[in-house]
1. Answer with yes or no whether ILE22 is under 12 Å from the mean Cα position of the chain (by Cα), at pLDDT 90 or above and in a helix (DSSP H, G or I).
2. Give all pairs with beta carbons closer than 6 Å in which a residue from the range 44-55 that is basic (Lys, Arg) meets a residue that is in a helix (DSSP H, G or I); count only pairs at least 6 apart in sequence or on separate chains.
3. Quick check on my filter: what residues within the range 55-78 are in a helix (DSSP H, G or I) and either under 9 Å from the mean Cα position of the chain (by Cα) or within 11 Å of PRO32 (Cα to Cα) (or both)?
4. If you go through the range 25-46 one residue at a time, how many are under 19 Å from the mean Cα position of the chain (by Cα) and β-branched (Val, Ile, Thr)?
5. Which of the residues spanning the range 34-47 are over 29 Å from GLU83 (Cβ atoms) and not in a loop (DSSP other than H, G, I, E, B)?
6. Within the group GLU75, GLU62, which residue is closer than 17 Å to LEU25 by Cα, charged (D, E, K, R) and touching a Lys or Arg at 6+ places or on another chain (Cβ under 6 Å)?
7. Checking LEU14 against (1) touching a residue at least 40 places away in the same chain (Cβ under 8 Å); (2) buried (at least 16 other Cβ atoms within 10 Å of the Cβ), which single condition isn't satisfied?
8. Output the number of the condition that LEU85 fails; it satisfies all remaining conditions of (1) over 16 Å from the mean Cα position of the chain (by Cα); (2) aliphatic (A, V, I, L, M); (3) surrounded by fewer than 16 Cβ atoms within 10 Å (Cβ to Cβ).
Amino acid sequence: MPATKPAGDPFEALGDEHRREILRLLSAGDKPVQQIAAALPISRPAVSRHLRLLKEAGLVAEHAHGTRRIYYLREEGLNAVQEYLEGVWGEAAARFRLFAENTDPGRER
């Protein structure tokens, strides 16, 4: 199946504490929506909305198991977030290293 670009913004999806908690729960393994909802202090419909946003952002996916929907982390979505952060912080670290290497520690400012 070809990869498609997510419709939602993964960083917007990560901006909510409940969605981050859902990702943490799914990091321990695939879970049905009932189990996710039981672990959160919000309603089942609210959990479903959060899961929909995470799915649109490409961070989670679902598959049917009988009448249940099982949610799991999408490696591709999480890798995209990781690559972006590494790119941003990698560039910042390189600039800091260059600055530090070209600074005379004995000179006062």
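The values are calculated or read from the model by the stated rules, or taken from the named source; none is laboratory data. As the structure is a computational prediction, the values presented were derived from the model and not from experiment. Heads up, the Cβs are rebuilt from the backbone with ideal geometry, glycines too, and the neighbour counts pull from every protein chain shown.
1. yes
2. Taking only residues 6 or more apart or on different chains, the pairs are ARG44/ALA37.
3. Of everything in the range 55-78, those that are in a helix (DSSP H, G or I) and either under 9 Å from the mean Cα position of the chain (by Cα) or within 11 Å of PRO32 (Cα to Cα) (or both) turn out to be GLY77, LEU78.
4. Going through the range 25-46 one residue at a time, the tally reaches 2.
5. Listed by number, the residues that qualify are GLN34, GLN35, ALA37, ALA38, ARG44, PRO45, ALA46.
6. Residue meeting the stated conditions: GLU62.
7. Just one mismatch for LEU14, condition (2).
8. (1)
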